[in-house]
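Asks: Handing you this structure, nothing more for now.
The values are calculated or read from the model by the stated rules, or taken from the named source; none is laboratory data. The shown structure was predicted, so the numbers you read here are calculated from the model rather than taken from an experiment. A quick note on method: Cβ atoms are made from the backbone with ideal geometry, for glycine too, and the neighbour counts reach across all protein chains shown. Note: accessible area is taken over every heavy atom of the protein model, side chains too, but ligands, DNA and RNA are not part of it. Shrake-Rupley method; radii C 1.70, N 1.55, O 1.52, S 1.80 Å.
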Amino acid sequence: MNVEILWSNLLSQIKDELTSLSYNTWFADTELYKLDNGKAYIVVPMPIHKKHLIDNYAELISNKLSEITGAPYELNLLLKEEIETEIKEKEESKDNIIIEERVVTNNYNVNSNLNKKYVFDNFIVGNSNKFAHAAALSVAENPGNMYNPLFLYGNSGLGKTHLMHAIGNFIVENSNKKVLYVTSEQFRQDFVKANRKDDKGTNFNYIDFFKNKYRNIDVLIIDDIQFLGGASQSQQEFFHTFNNLYNDSKQIIVSSDRSPEDLKQLEDRLRTRFCWGLTVNIFPPEFTLRTEILKKKIIAGNFEQDIPDEVVEYIASNIGPDVRQLEGSVTRLVAYSAIMGGEKITLDLAIEALKDFISKGIGEKNDVHRIQKMVSEYFQISVEDIRSKKRSSNISFPRQIAMYLCRTLTNESFPKIGTEFGGKDHSTVMHSVEKIENEIKVNKDLANIIEKLKKDIGIV
Ligand code: ADP
Ligand code: MG
């Protein structure tokens with residue numbers, strides 16, 4: 001049986017036995033490389049997979065393999081690079097003349113370093129990034145002609161790398177142009193390598209390799225140019241590379257965490273060149289876009305249980321603007337619920353799971369949630385209850401206190417506070433606030449509780 005069919009057969013059986021989170025994390029990206037001499041060589045995406053699969057799933061995999069093939073196999077887990085080394089070593093032993101050169105030549109043209117995961121289709125557009133998205137798309141549709149260079153800048157986690165890969169993938173799919181994506185760090189390393197002499201005191205091959213890699217392309221995407229830093233020789237080489245490509249109308253796309261003017265470590269002549277084309281600032285996503293990104297990620301994640309809207313809103317209002325953290329929080333929440341034995345994802349669970357992610361005092365909306373959480377904890381009721389319409393006094397009294405604290409400690413309006421407490425109207429909130437205000441005057445104990453809560457909440 002063909003190893004691919006065998007493995008997909010095995011995976012589909014394993015898929016039925018595991019949660020989709022475990023399956024997707026540990027098995028989805030594995031491949032069977034070969035069965036040879038009683039050994040099964042399995043390719044895994046990252047080193048962590050080796051340990052985790054051996055520690056947790058060795059028996060399961062072995063059993064399935066022998067069920068399907070009728071023979072026992074010893075498991076050997078390998079990374080892709082390790083397989084490549086193995087192939088190389090094999091070829092070398094057959095014919096050990098200039099194998100190194102052959103490998104290098106192959107890499108010249110084939111490897112664009114593009115990540116297929118990042119495409120326009122899964123880039124979600126909102127006000128903050130629509131200009132960047134549009135500029136990226138027009139460059140993708142017309143490389144070398146529209147905006148050259150395209151300079152994208154903005155803080156970490158706002159989608160620059162995603163957009164750059166999307167441009168590259170689009171071009172590769174729709175033309176036969178050669179695209180190369182590198183980080184400025186990769187460029188620097190390649191440059192250093194090109195100038196290193198080999199054992200025979202020559203560096204001919206590497207300089208050749210470098211020139212070929214960086215000049216023999218149609219589109220150069222260089223990410224995080226700020227890390228090219230003060231390394232001036234690499235900078236000069238980049239300057240030459242830039243000129244060379246630019247003069248040939250090859251598209252150059254650059255990203256940075258700051259604008260060209262603020263790239264103080266780079267030489268002026270390079271900074272001015274960055275402004276020759278189009279410079280686009282990508283902004284932090286607004287609340288609606290954060291919510292939309294979260295919803296799409298949840299759908300794409302194909303999790304076993306739904307994540308309620310109020311949890312999505314909680315994440316969107318408390319985490320951000322870094323989209324990476326938004327994604328991380330969903331992963332963490334789902335993992336947390338799985339670790340807790342598949343516990344249902346509720347607002348309370350989310351608050352618990354994400355407590356280390358959510359820092360204090362990021363904005364007013366956070367404060368409302370924090371107040372709700374602190375007051376619920378103090379009175380030992382759940383956040384869901386405090387946000388609910390329940391009227392029993394053990395819940396409605398803490399709720400009134402929480403409303404009072406929201407009104408006095410944050411700038412939120414009565415109607416806004418009402419919305420945060422299960423959709424109460426503004427007069428209910430006003431009434432609650434007044435009631436607590438009056439009671440504090442005559443009830444020392446309550447006044448003390450409120451003081452303590454204020455201190456714990458830490459807004460004052
Ligand atoms: P940057 O390069 O600006 O630091 P990335 O492109 O690496 O940011 O984005 C971080 C993560 O957030 C990636 O997984 C990316 O797919 C995701 N992301 C960022 N913006 C969006 C968006 N608008 N739509 C979908 N995913 C996004
Ligand atoms: Mg990036």
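Asks: Based on the Cβ-Cβ distance of residue 208 and residue 134, what FRET efficiency does E = 1/(1 + (r/R0)^6) give at R0 = 30 Å, to the nearest 0.05?
Replies: Numbers: r = 39 Å, r/R0 = 1.30.
Here the calculated transfer efficiency is 0.15.
Asks: Out of the GluC sites (Glu not before Pro) in the range 249-299, which ones are loop residues according to DSSP with at most 16 other C-beta atoms within 10 Å? Numbers along the way, then the final one.
Replies: On the way: sites: 261, 267, 286, 292; in loops: 267, 286.
For GluC sites (Glu not before Pro) across the range 249-299 that sit outside H, G, I, E and B with at most 16 neighbouring Cβ atoms in 10 Å, the list reads 267, 286.
Asks: Between residue 249 and residue 3, what is 0.36 nm times their sequence separation minus the Cα-Cα distance? Round to one decimal in nm. Intermediate values should be presented prior to the final figure.
Replies: Numbers: separation 246, 0.36 × 246 = 88.56 nm, distance 4.54 nm.
Extending this stretch completely gives an extra 84.0 nm.
Asks: About the Cα centre of the chain, what is the dipole size in debye to 20, counting +1 per Lys and Arg Cβ and -1 per Asp and Glu Cβ, all else neutral?
Replies: Values: 57 positive and 65 negative charges, 242 e Å.
With Lys and Arg at +1 and Asp and Glu at -1, about 1160 debye.
Asks: Could you give the nm distance between label points at residue 447 and residue 426, where each point is 7 Å from its Cα heading toward the beta carbon?
Replies: Placing both labels 7 Å beyond Cα along the Cβ direction yields 3.1 nm.
Asks: Right, another one. Kindly state, to the nearest 0.05, the FRET efficiency for residue 193 paired with residue 344, given R0 = 60 Å and r defined as their beta-carbon distance.
Replies: Values: r = 53 Å, r/R0 = 0.88.
Efficiency for this residue pair is about 0.70.
Asks: State, to one decimal in nm, how far the label point of residue 322 lies from the label point of residue 456, with both points 7 Å from Cα in the Cβ direction.
Replies: Going by the 7 Å Cα→Cβ label model, 2.9 nm.
Asks: Given the protein chains as shown and a 1.4 Å probe, how many square angstrom of residue 309 are accessible, to the nearest 10?
Replies: Number for this one is 90 Å².
Asks: Note the angle between two axes, namely the Cα long axis of helix 364-379 and the longest principal axis of the Cα atoms of the chain, as a number of degrees from 0 to 90, rounded to the nearest 10.
Replies: 60
Asks: Any idea what angle helix 204-215 forms with the longest principal axis of the chain, computed on alpha-carbon atoms, 0 to 90 degrees, nearest 10?
Replies: Here the helix axis deviates by roughly 50 degrees.
Asks: Debye calculation, C-alpha points only, no solvent: report log10 I(q)/I(0) for the range 120-281 at q = 0.10, 0.20 Å⁻¹, in the same order as the q values.
Replies: Log10 of I(q)/I(0), two decimals: -0.35, -1.32.
Asks: Counting only protein heavy atoms, what percent of the accessible surface of the chain is carbon or sulfur at a 1.4 Å probe? Present the calculation step by step, with values, prior to reporting the outcome.
Replies: Working: 11770 of 24040 Å².
About 49 percent, which is the carbon plus sulfur part of the accessible surface.
Asks: Scan around residue 32 for amide H atoms under 5 Å from its own, H built in the peptide plane at 1.01 Å from N, and keep only partners 5 or more places away or cross-chain.
Replies: Sorted by chain and number, the residues that satisfy this are 43.
Asks: Length gain on complete extension for the stretch residue 81 to residue 173, per 0.36 nm per residue less the alpha carbon to alpha carbon distance? Before the final figure, lay out each step's value.
Replies: Working: separation 92, 0.36 × 92 = 33.12 nm, distance 2.56 nm.
Roughly 30.6 nm would be gained on extension.
Asks: Please give the net charge around residue 248, taking every other residue with its beta carbon less than 10 angstrom from that of residue 248, where Lys and Arg add +1 and Asp and Glu add -1.
Replies: Numbers: positive: 215, 250; negative: 218.
Neighbour charge sum, excluding residue 248 itself: +1.
Asks: Could you please tell me the mean projected area of the C-alpha convex hull for the chain, averaged over all directions and given in square nanometres to one decimal? Working shown, then result.
Replies: Numbers: hull surface 115.4 nm².
Average of the hull's projected areas for the chain equals 28.8 nm².
Asks: Show me, for the range 429-444, the HN-Hα J-couplings you get by feeding each phi into the Karplus relation (A = 6.51, B = -1.76, C = 1.60, θ = phi - 60°), rounded to Hz, glycine and proline as x.
Replies: For the range 429-444, the Karplus-derived couplings read 5, 4, 4, 4, 4, 4, 4, 5, 4, 5, 6, 4, 4, 10, 10, 4 Hz, x marking Gly and Pro.
Asks: Taking 22 Å as R0, compute the FRET efficiency from the Cβ-Cβ separation of residue 24 and residue 336 and round it to 0.05. Each step should come with its number before you reach the end.
Replies: Details: r = 16 Å, r/R0 = 0.74.
Working from the Cβ atoms, E equals 0.85.
Asks: Related question: Given H placed 1.01 Å from N in the peptide plane, which residues other than close sequence neighbours of residue 79 have an amide H under 5 Å from its amide H?
Replies: When sequence neighbours closer than 5 places are left aside, the close amide H contacts are 44.
Asks: Oh, and also: So what is the accessible area of the chain per residue, in Å², with the probe set to 1.4 Å? Please list the in-between numbers first.
Replies: Details: 24040 Å² over 460 residues.
Heavy-atom accessible area per residue stands at 52 Å².
Asks: Could you run the Karplus curve 6.51 cos²θ - 1.76 cosθ + 1.60 with θ = phi - 60° over the range 153-162 and give me ³J(HN,Hα) per residue in whole Hz, x for Gly and Pro?
Replies: 9, x, 5, 5, x, 9, x, 5, 4, 4
Asks: Distance from the Cα centre of the range 225-255 to that of the range 269-329, in angstrom?
Replies: Centre-to-centre (Cα) distance: 29 Å.
Asks: Tell me the label-point distance for the pair residue 300, residue 261, using the 7 Å Cα-to-Cβ offset, in nm and rounded to one decimal.
Replies: 3.4
Asks: Let me know the whole percent of all Cα-Cα pairs from the range 3-84 that are separated by more than 17 Å. Don't jump to the answer; show the numbers that get you there.
Replies: On the way: 1323 of 3321 pairs.
Taking all Cα-Cα pairs of the range 3-84, the fraction more than 17 Å apart is 40 percent.
Asks: ³J(HN,Hα) across the range 314-328 via Karplus (A = 6.51, B = -1.76, C = 1.60, θ = phi - 60°), whole Hz, x for Gly/Pro?
Replies: Computed from phi, the couplings for the range 314-328 are 4, 5, 4, 8, 10, 10, x, x, 5, 5, 4, 6, 4, 4, x Hz.
Asks: Sticking with this one: For the range 20-51 and the range 67-83, what is the separation of their Cα centres, given in Å?
Replies: 8
Asks: Order the peptides 293-300, 146-153 from the highest to the lowest mean number of other Cβ atoms within 10 Å of their residues.
Replies: Working: 293-300: 16.6, 146-153: 22.5.
With the highest mean Cβ count within 10 Å placed first, the list reads 146-153, 293-300.
Asks: Using the Cα gyration tensor of the range 192-297, with a ≥ b ≥ c the square roots of its eigenvalues, what is the shape: rounded (a/c below 1.5), prolate (a/b larger than b/c) or oblate (neither)?
Replies: On the way: a/c = 2.22, a/b = 1.89, b/c = 1.17.
Prolate, because a/c is 1.5 or more and a/b exceeds b/c.
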